[in-house]
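Everything below concerns the one structure shown next.
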Amino acid sequence: MTKDTPSLVPRTRHILCMSGGKDSTALALYMRDRVQNMEYVFCDTDKELTETYEYLNRVEAFLGKKIVRLNAKAGFDHWLEVFGGYLPSPHMRWCTKMLKLKPFEEYVGEEPVVSYVGIRADEDRVGYISTKPNIKAVFPFKEDGIDFAGVMKILQDSGIGMPPYLKWGRTHSGCYFCFFQRPIEWVRLLETHPDQFEAAQKYEKITDDPGKTFTWVQGMPLSDLRKPETIAAIKRRYEDHEERRKLNRGNKKLVEVLAGMEEEDDGPKACLICQL
Ligand code: SF4
(Lines give C-alpha, C1' and ligand atoms only; values in the text may rest on other atoms or scores of the structure.)
Protein backbone atom coordinates (compact mmCIF):
# COMPACT_ATOMS: atom_id res chain seq x y z
CA MET A 1 0.00 0.00 0.00
CA THR A 2 1.51 3.39 -1.02
CA LYS A 3 1.05 6.55 1.01
CA ASP A 4 -1.57 7.67 -1.53
CA THR A 5 -3.69 4.52 -1.12
CA PRO A 6 -6.80 5.32 0.94
CA SER A 7 -6.80 3.57 4.31
CA LEU A 8 -9.12 0.57 4.59
CA VAL A 9 -9.20 0.88 8.38
CA PRO A 10 -12.55 2.49 9.32
CA ARG A 11 -12.20 5.73 11.27
CA THR A 12 -13.37 5.81 14.87
CA ARG A 13 -16.08 8.33 15.66
CA HIS A 14 -16.48 9.91 19.08
CA ILE A 15 -20.05 10.56 20.16
CA LEU A 16 -21.50 12.06 23.31
CA CYS A 17 -25.24 11.64 23.78
CA MET A 18 -26.71 14.47 25.85
CA SER A 19 -29.99 14.49 27.75
CA GLY A 20 -30.14 18.05 29.02
CA GLY A 21 -29.29 16.72 32.48
CA LYS A 22 -26.41 17.95 34.61
CA ASP A 23 -24.06 14.98 34.19
CA SER A 24 -24.09 14.64 30.41
CA THR A 25 -23.88 18.43 30.11
CA ALA A 26 -20.89 18.60 32.42
CA LEU A 27 -19.28 15.76 30.47
CA ALA A 28 -19.76 17.65 27.19
CA LEU A 29 -18.07 20.71 28.71
CA TYR A 30 -15.32 18.54 30.18
CA MET A 31 -14.57 16.83 26.88
CA ARG A 32 -14.75 19.98 24.74
CA ASP A 33 -10.99 20.53 24.63
CA ARG A 34 -10.03 16.90 25.07
CA VAL A 35 -11.60 15.33 21.97
CA GLN A 36 -11.55 17.65 19.00
CA ASN A 37 -13.77 15.66 16.69
CA MET A 38 -16.51 14.90 19.22
CA GLU A 39 -20.06 14.65 17.87
CA TYR A 40 -22.70 15.86 20.32
CA VAL A 41 -26.20 14.49 19.90
CA PHE A 42 -29.54 14.93 21.64
CA CYS A 43 -32.44 12.53 21.09
CA ASP A 44 -35.33 14.98 20.99
CA THR A 45 -38.75 13.55 21.85
CA ASP A 46 -40.28 16.88 20.84
CA LYS A 47 -41.85 16.93 24.33
CA GLU A 48 -38.93 17.94 26.49
CA LEU A 49 -39.15 20.59 29.17
CA THR A 50 -39.03 24.14 27.81
CA GLU A 51 -35.95 24.82 29.92
CA THR A 52 -34.10 21.87 28.42
CA TYR A 53 -34.29 23.34 24.91
CA GLU A 54 -33.05 26.72 26.17
CA TYR A 55 -30.30 25.09 28.22
CA LEU A 56 -29.05 23.04 25.28
CA ASN A 57 -28.92 26.17 23.12
CA ARG A 58 -26.65 27.81 25.68
CA VAL A 59 -24.48 24.69 25.93
CA GLU A 60 -24.23 24.56 22.15
CA ALA A 61 -22.96 28.16 22.07
CA PHE A 62 -20.38 27.31 24.73
CA LEU A 63 -19.19 24.22 22.87
CA GLY A 64 -18.97 26.16 19.63
CA LYS A 65 -20.31 23.08 17.91
CA LYS A 66 -23.72 21.95 16.82
CA ILE A 67 -25.61 19.52 19.03
CA VAL A 68 -27.25 17.24 16.47
CA ARG A 69 -30.95 16.84 17.24
CA LEU A 70 -32.19 13.36 16.36
CA ASN A 71 -35.84 12.48 15.68
CA ALA A 72 -36.57 15.67 13.78
CA LYS A 73 -39.32 13.96 11.81
CA ALA A 74 -40.77 11.40 14.20
CA GLY A 75 -41.25 12.58 17.76
CA PHE A 76 -43.48 11.25 20.52
CA ASP A 77 -46.80 11.87 18.74
CA HIS A 78 -45.74 9.83 15.73
CA TRP A 79 -44.83 6.82 17.86
CA LEU A 80 -47.93 7.16 20.03
CA GLU A 81 -49.97 6.69 16.89
CA VAL A 82 -47.87 3.71 15.84
CA PHE A 83 -48.47 2.14 19.28
CA GLY A 84 -52.22 2.55 18.91
CA GLY A 85 -52.57 5.36 21.46
CA TYR A 86 -51.07 3.30 24.30
CA LEU A 87 -49.27 5.71 26.58
CA PRO A 88 -45.85 4.46 27.62
CA SER A 89 -45.37 3.41 31.25
CA PRO A 90 -42.59 1.94 33.40
CA HIS A 91 -43.75 -1.51 32.20
CA MET A 92 -44.19 -0.59 28.52
CA ARG A 93 -41.44 1.85 27.91
CA TRP A 94 -41.63 2.09 24.14
CA CYS A 95 -40.72 5.79 24.31
CA THR A 96 -37.18 5.15 25.53
CA LYS A 97 -36.64 2.51 22.88
CA MET A 98 -38.13 4.38 19.92
CA LEU A 99 -37.16 7.94 20.85
CA LYS A 100 -33.84 7.55 22.60
CA LEU A 101 -32.11 4.21 21.94
CA LYS A 102 -33.00 3.48 18.33
CA PRO A 103 -32.32 6.97 16.94
CA PHE A 104 -28.95 6.93 18.67
CA GLU A 105 -28.02 3.53 17.25
CA GLU A 106 -29.20 4.54 13.80
CA TYR A 107 -27.16 7.71 13.94
CA VAL A 108 -24.12 5.71 15.03
CA GLY A 109 -24.41 3.31 12.08
CA GLU A 110 -21.82 0.60 11.61
CA GLU A 111 -18.52 2.43 11.99
CA PRO A 112 -16.47 1.99 15.17
CA VAL A 113 -17.70 4.46 17.77
CA VAL A 114 -16.55 5.52 21.20
CA SER A 115 -19.62 6.57 23.20
CA TYR A 116 -18.98 8.90 26.15
CA VAL A 117 -21.25 8.31 29.16
CA GLY A 118 -21.59 10.76 32.07
CA ILE A 119 -21.75 8.36 35.02
CA ARG A 120 -19.90 10.00 37.92
CA ALA A 121 -17.15 8.52 40.10
CA ASP A 122 -19.49 8.53 43.12
CA GLU A 123 -22.19 6.46 41.39
CA ASP A 124 -22.54 2.76 40.94
CA ARG A 125 -25.42 2.90 38.48
CA VAL A 126 -25.07 1.69 34.93
CA GLY A 127 -25.83 3.94 31.97
CA TYR A 128 -26.90 3.10 28.49
CA ILE A 129 -24.57 0.52 27.08
CA SER A 130 -25.36 -0.50 23.56
CA THR A 131 -25.16 -4.11 22.59
CA LYS A 132 -24.00 -3.07 19.11
CA PRO A 133 -20.50 -4.49 18.78
CA ASN A 134 -19.14 -1.36 17.07
CA ILE A 135 -19.97 0.87 20.09
CA LYS A 136 -17.49 1.06 22.93
CA ALA A 137 -18.75 2.93 25.99
CA VAL A 138 -16.27 4.95 28.06
CA PHE A 139 -16.82 6.70 31.41
CA PRO A 140 -14.43 9.66 31.71
CA PHE A 141 -15.82 10.89 35.05
CA LYS A 142 -15.32 7.47 36.58
CA GLU A 143 -11.83 7.19 35.12
CA ASP A 144 -10.84 10.69 36.30
CA GLY A 145 -12.49 10.49 39.73
CA ILE A 146 -15.01 13.27 39.06
CA ASP A 147 -17.88 13.13 41.54
CA PHE A 148 -20.96 15.28 42.15
CA ALA A 149 -18.90 18.20 43.52
CA GLY A 150 -16.67 17.93 40.44
CA VAL A 151 -19.68 18.08 38.13
CA MET A 152 -21.02 21.14 39.95
CA LYS A 153 -17.63 22.82 39.62
CA ILE A 154 -17.45 22.14 35.86
CA LEU A 155 -20.93 23.61 35.38
CA GLN A 156 -20.22 26.63 37.57
CA ASP A 157 -16.77 27.39 36.14
CA SER A 158 -18.16 27.36 32.60
CA GLY A 159 -20.93 29.79 33.53
CA ILE A 160 -23.51 27.31 32.23
CA GLY A 161 -24.71 26.31 35.71
CA MET A 162 -27.10 23.57 36.71
CA PRO A 163 -30.12 22.74 34.51
CA PRO A 164 -32.72 25.43 35.24
CA TYR A 165 -35.62 23.02 35.86
CA LEU A 166 -33.93 21.97 39.12
CA LYS A 167 -34.87 25.40 40.48
CA TRP A 168 -38.56 24.60 40.45
CA GLY A 169 -38.09 21.11 41.78
CA ARG A 170 -38.08 18.81 38.79
CA THR A 171 -35.34 16.30 39.48
CA HIS A 172 -34.49 15.07 36.00
CA SER A 173 -34.59 15.99 32.35
CA GLY A 174 -36.78 14.22 29.80
CA CYS A 175 -40.34 14.69 28.62
CA TYR A 176 -42.56 17.09 30.55
CA PHE A 177 -45.09 14.27 30.99
CA CYS A 178 -42.56 11.64 31.99
CA PHE A 179 -44.33 8.90 33.94
CA PHE A 180 -41.28 8.60 36.19
CA GLN A 181 -42.20 11.90 37.83
CA ARG A 182 -43.25 11.78 41.44
CA PRO A 183 -46.65 13.31 42.34
CA ILE A 184 -44.90 16.39 43.80
CA GLU A 185 -43.20 16.97 40.45
CA TRP A 186 -46.56 16.89 38.70
CA VAL A 187 -47.77 19.52 41.15
CA ARG A 188 -44.73 21.64 40.41
CA LEU A 189 -45.25 21.21 36.68
CA LEU A 190 -48.81 22.45 37.11
CA GLU A 191 -47.61 25.46 39.10
CA THR A 192 -44.66 26.28 36.85
CA HIS A 193 -45.79 25.22 33.38
CA PRO A 194 -49.60 24.96 33.45
CA ASP A 195 -49.65 24.77 29.64
CA GLN A 196 -47.46 21.65 29.67
CA PHE A 197 -49.55 20.11 32.44
CA GLU A 198 -52.66 20.75 30.32
CA ALA A 199 -50.95 19.20 27.30
CA ALA A 200 -50.03 16.13 29.38
CA GLN A 201 -53.60 15.82 30.63
CA LYS A 202 -54.93 15.83 27.07
CA TYR A 203 -52.99 12.63 26.33
CA GLU A 204 -54.90 10.72 29.00
CA LYS A 205 -57.93 8.63 28.10
CA ILE A 206 -60.46 7.90 30.81
CA THR A 207 -63.11 5.30 29.96
CA ASP A 208 -65.22 2.75 31.83
CA ASP A 209 -63.03 0.02 30.37
CA PRO A 210 -59.78 -0.25 32.40
CA GLY A 211 -58.13 -1.80 29.34
CA LYS A 212 -58.74 1.38 27.37
CA THR A 213 -57.92 3.84 30.14
CA PHE A 214 -54.50 5.49 29.97
CA THR A 215 -53.18 7.77 32.67
CA TRP A 216 -49.63 8.94 33.36
CA VAL A 217 -49.85 8.19 37.08
CA GLN A 218 -51.24 4.75 37.75
CA GLY A 219 -54.69 4.98 39.26
CA MET A 220 -54.82 8.77 39.34
CA PRO A 221 -55.84 10.83 36.32
CA LEU A 222 -54.28 14.28 36.15
CA SER A 223 -57.79 15.72 36.39
CA ASP A 224 -57.86 14.31 39.96
CA LEU A 225 -54.25 15.09 40.79
CA ARG A 226 -54.79 18.81 40.07
CA LYS A 227 -57.68 19.14 42.55
CA PRO A 228 -56.77 21.46 45.45
CA GLU A 229 -57.35 18.78 48.09
CA THR A 230 -55.12 16.30 46.22
CA ILE A 231 -52.41 18.91 45.79
CA ALA A 232 -52.55 19.72 49.52
CA ALA A 233 -52.24 16.01 50.39
CA ILE A 234 -49.31 15.53 47.98
CA LYS A 235 -47.52 18.54 49.43
CA ARG A 236 -48.09 17.35 52.99
CA ARG A 237 -46.76 13.93 52.17
CA TYR A 238 -43.73 15.42 50.45
CA GLU A 239 -42.98 17.71 53.40
CA ASP A 240 -43.19 14.78 55.83
CA HIS A 241 -40.85 12.84 53.60
CA GLU A 242 -38.41 15.75 53.50
CA GLU A 243 -38.53 16.08 57.29
CA ARG A 244 -37.64 12.43 57.68
CA ARG A 245 -34.89 12.79 55.12
CA LYS A 246 -33.37 15.75 57.00
CA LEU A 247 -33.42 13.79 60.25
CA ASN A 248 -31.72 10.85 58.56
CA ARG A 249 -29.14 13.07 56.95
CA GLY A 250 -27.08 13.00 60.17
CA ASN A 251 -23.54 14.19 59.66
CA LYS A 252 -23.49 13.86 55.91
CA LYS A 253 -22.14 16.89 54.06
CA LEU A 254 -24.71 18.75 51.97
CA VAL A 255 -22.87 17.83 48.78
CA GLU A 256 -23.21 14.13 49.61
CA VAL A 257 -26.93 14.56 50.16
CA LEU A 258 -27.36 16.45 46.90
CA ALA A 259 -25.27 13.89 45.04
CA GLY A 260 -27.72 11.22 46.00
CA MET A 261 -30.84 13.26 45.41
CA GLU A 262 -32.26 11.06 42.70
CA GLU A 263 -31.57 7.91 44.69
CA GLU A 264 -33.33 9.27 47.79
CA ASP A 265 -36.50 9.56 45.87
CA ASP A 266 -38.94 6.86 46.95
CA GLY A 267 -40.70 6.84 43.60
CA PRO A 268 -39.91 4.90 40.46
CA LYS A 269 -36.53 5.48 38.91
CA ALA A 270 -36.15 7.39 35.68
CA CYS A 271 -34.30 5.82 32.82
CA LEU A 272 -30.73 6.98 32.56
CA ILE A 273 -30.59 7.71 28.85
CA CYS A 274 -33.32 10.33 29.36
CA GLN A 275 -31.96 11.92 32.48
CA LEU A 276 -28.18 11.48 32.76
S1 SF4 B 1 -38.35 11.06 29.57
FE2 SF4 B 1 -39.86 9.57 30.30
S3 SF4 B 1 -41.56 9.71 28.82
FE4 SF4 B 1 -39.77 10.69 27.86
S5 SF4 B 1 -38.75 9.07 26.66
FE6 SF4 B 1 -37.80 9.07 28.69
S7 SF4 B 1 -38.94 7.56 29.91
FE8 SF4 B 1 -40.19 8.10 28.11
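The values are calculated or read from the model by the stated rules, or taken from the named source; none is laboratory data. From a predicted model like this one, the values you see are computed outputs, not experimental measurements. Note that each Cβ is placed from the backbone with ideal geometry, even for glycine, and that neighbours are counted across all protein chains shown. What goes into the accessible areas is simple: the full protein's heavy atoms, side chains included, and nothing from ligands, DNA or RNA. Shrake-Rupley method; radii C 1.70, N 1.55, O 1.52, S 1.80 Å.
Accessible area of segment 13-168 with a 1.4 Å probe: how many percent of it is carbon plus sulfur? Write down the numbers at each step before the final one.
On the way: 3830 of 7090 Å².
Carbon plus sulfur share of accessible area: 54 percent.
What accessible area per residue, rounded to a whole number of Å², is obtained for segment 39-88 using a probe radius of 1.4 Å? Present the calculation step by step, with values, prior to reporting the outcome.
Values: 2370 Å² over 50 residues.
Here the per-residue accessible area is 47 Å².
Under a cut-off of 16 Å between alpha-carbon atoms, report the aspartates and glutamates in cross-link reach of LYS132, not counting same-chain residues fewer than 8 places apart.
GLU105, GLU106, GLU110, GLU111
Could you state the number of Å between the C-alpha centres of segment 55-100 and segment 118-170?
20
Using a 1.4 Å probe and counting only protein heavy atoms, arrange MET18, MET98, MET92 so the residue with the most accessible area comes first. It would help to have the intermediate numbers written out before the result.
Numbers: MET18 5, MET98 25, MET92 80 Å².
Largest accessible area first, the list is MET92, MET98, MET18.
Which part of segment 184-217 falls in the paramagnetic zone of TRP168, meaning amide N under 16 Å from the point 7 Å along Cα-to-beta-carbon?
Residues passing the 16 Å test: 184-201.
List the residues whose amide H sits under 5 Å from the amide H of GLY75, counting only those 5 or more places along or on another chain, with H placed 1.01 Å from N in the peptide plane.
HN-HN under 5 Å from GLY75: empty list.
Could you pull out every residue, at least 5 positions away or on a different chain, whose amide H is within less than 5 Å of the one on LYS136? Hs are placed 1.01 Å off N in the peptide plane, and Pro or chain starts have none.
Amide H neighbours of LYS136, under 5 Å, 5+ apart: VAL113, VAL114, SER115.
What is the calculated FRET efficiency for GLU105 to GLU81, with r their C-beta to C-beta distance and R₀ = 25 Å, to the nearest 0.05?
Between GLU105 and GLU81 the formula returns 0.70.
Go ahead and run the numbers for FRET between ARG237 and ARG69, Cβ-Cβ distance against an R0 of 41 Å, rounding to 0.05. Don't skip to the answer; put the middle values down first.
Working: r = 38 Å, r/R0 = 0.92.
Rounded to the nearest 0.05, the efficiency is 0.65.
Just the C-alpha atoms of segment 38-143: what Rg/Rh do they give, with Rh taken as the Kirkwood radius?
On the way: Rg = 15.2 Å, Rh = 15.6 Å.
Reported Rg/Rh (Cα atoms, Kirkwood Rh): 0.98.
Using the heavy atoms of the protein chains alone and a 1.4 angstrom probe, what is the accessible area of segment 104-229 per residue in square angstrom? Walk me through the numbers on the way to the answer.
Numbers: 6020 Å² over 126 residues.
Here the residues of segment 104-229 average 48 Å² of exposed surface.
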